[in-house]
1. I'd like the full set of residues that are part of a helix (DSSP H, G or I) and either touching a Leu at 6+ places or on another chain (Cβ under 7 Å) or aliphatic (A, V, I, L, M) (or both), limited to segment 223-252.
2. Can you list residue pairs whose Cβ atoms sit under 8 Å apart, with the first residue in segment 87-106 being in contact (Cβ under 8 Å) with a residue 12 or more places away in the chain and the second being outside any helix (DSSP H, G or I) and acidic (D, E)? Count only pairs 6 or more apart in sequence or on different chains.
3. Is one or more of the residues making up segment 302-317 of a type in the set (K, R) and under 22 Å from the mean Cα position of the chain (by Cα)?
4. Given the residues L246, L217, which is the only one that is within 16 Å of the ligand (Cβ to nearest atom), in contact with a strand residue (DSSP E or B) (Cβ under 7 Å, 6 or more places away or on another chain) and farther than 30 Å from L334 by Cα?
5. Could you check segment 273-304 and list, in sequence order, the residues that are surrounded by fewer than 17 Cβ atoms within 10 Å (Cβ to Cβ) and either in a helix (DSSP H, G or I) or at positive phi (or both)?
6. If I go through segment 196-226 residue by residue, how many of them are of a type outside the set (D, E, K, R) and surrounded by fewer than 21 Cβ atoms within 10 Å (Cβ to Cβ)?
7. Step by step: first the residues of segment 263-295, then only those that are in contact (Cβ under 8 Å) with a residue 60 or more places away in the chain and of a type in the set (S, T, Y), then the one that is farthest from T243 (Cα to Cα). Which residue is that?
8. Please indicate, with yes or no, whether at least one residue in segment 305-325 is in contact with a Leu (Cβ under 7 Å, 6 or more places away or on another chain) and part of a helix (DSSP H, G or I).
Amino acid sequence: MANAGNQGRPFWPGARLPPVGREAGGFPSASGGPLPRSPFASHDSPMGRNRNMMQEPRMARDDVIKGTDDDAIISKLSAVNLAYLDDPFVKYFVKRPSRRPPLINRGSYLRTRTLDLITEQFIKNEIKSASSPTIPSTTPIRKQIVSLGCGSDTRYFKLKAKGLSVHKYFEIDFQESSAKKAATIKKNKAFTDVIGDPDLKVGLGGTELYSKDYCLLSGDLREFEDTILPKLKAQGFDTSLPTLFLSECVLIYIEPKDSDAIVDWVGANMTASLFVVYEQINPTDAFGAMMLRNLKARNIELPGIHAYPSLKSQEERFMSRGWTLAQAVDMNALHDTLPETELKRISSLEIFDEVEEWQLLASHYCVAWACHVHGSGSKADGAASASSASATTLIEDGPNHQTLVTLLSESVSGISKFSTPRT
Ligand SMILES: C[S@@+](CC[C@H](N)C(=O)[O-])C[C@H]1O[C@@H](n2cnc3c(N)ncnc32)[C@H](O)[C@@H]1O
């Protein structure tokens, strides 16, 4: 459960420079306020007994990273309580709510709205194709979502409560984090009602949940192929289904060699995938440098930001690996896509006059999306053909390559800037 902490700290000392504290990361969850040591980090931890001197620094860093979720969820609740967002599930994850400044509320709102919109459209889009006589004009298709580093995110519950669900929704986080989430879900009817599966099972000492369409799994994403993948497969993960991978402020905390390994695996082995990343960029200008210094003062490093520091490099992260399409935009561009009525609505919720600060902050966060569909003759296809027997099943049996590209890329069409993806 998240604690408020950091109350009373000045939000914006020093013109245009981010303050020390959780807001230093800008849109919430880049940093964690006073970061409590994980209650699981002691010798009681399932992993504690195996600690040695070499592991200590890494585990201490991991504890700090786990703590970033507290900040994200407190900020989300602040935005919910002010009616920026509608989410009846967030409150269950926050012990001591705290009202955030308008800048942070707007950031939480925009980040959540954008990823919700993409996810909703991914779920809703069906194959609309005249390309194959065997496919009706609108064909329901089974889909999966994988939320990497899910933290206390409530997207599965929010969407399913609105009638939007997929064949399988997988969430993954460190064991300590998934244990907390599993406990909250299990003890609150609001969650179990939405899951709606009388056979909901708790696994691995309370750290995992398995149901018909929702699985919460524990593990370290840096061991994706060795640890996470076998768990996913054991719960019915199917490489032949169109799959949305979400990384909301997660890959940035992981060394590029490890986050690249996930992107490579997905590109090489999934038949049709959409990968969406939300994270910080621009570390070298004055604001960016201060942002990193402030985070460092709280022991938070962003190893990914140096590998992918710009919108262009975020796109190249995928395109250089043979993905079919990729695009990245900053939060200013996304803000510009808000419909007039929505802008009016959120502007009426609280006074917001830090326009310049907002623009500066928003230029340091981006959403990048990329899709990969096999059969495109891309670089990744060669790697995949050896490693995945099922990778082409969907293409051969069902919709063709272009139809799948359309299916995936239309998931981002609600954000008008994304409507004409680069090919
Ligand atoms: C800033 S929080 C974001 C949580 C959630 N995605 C959201 O946006 O609300 C980052 C999350 O990533 C998780 N995470 C970071 N590195 C991880 C790793 N190597 N393995 C598993 N989870 C990781 C953390 O535990 C934390 O819950």
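1. Listed by number, the residues that qualify are I228, L229, K231, L232, A234, L251, I252.
2. P102/E350; P102/E354; L103/E354; N105/E350
3. Yes - at least one qualifying residue is present in segment 302-317.
4. So the residue among L246, L217 that is within 16 Å of the ligand (Cβ to nearest atom), in contact with a strand residue (DSSP E or B) (Cβ under 7 Å, 6 or more places away or on another chain) and farther than 30 Å from L334 by Cα is L217.
5. Correct list: A286, A289, R293, K296, A297, N299, P303.
6. First, pick out the residues of segment 196-226 that are of a type outside the set (D, E, K, R): 196, 198, 200, 202-207, 209-211, 214-219, 221, 224.
Pick out the ones that are also surrounded by fewer than 21 Cβ atoms within 10 Å (Cβ to Cβ) and you get 196, 198, 200, 202-206, 210-211.
Summing the residues that are of a type outside the set (D, E, K, R) and surrounded by fewer than 21 Cβ atoms within 10 Å (Cβ to Cβ) in segment 196-226 gives 10.
7. Filtering first and then ranking leaves Y278.
8. No, because not a single residue in segment 305-325 is in contact with a Leu (Cβ under 7 Å, 6 or more places away or on another chain) and part of a helix (DSSP H, G or I).
Taken together, the values in this text are just the output of simple stated rules run on the coordinates, not laboratory data. Here the structure is a predicted model, which means the values were calculated and not measured. FYI the Cβ positions are ideal-geometry reconstructions off the backbone, even for glycines, and counts take in every protein chain you see.
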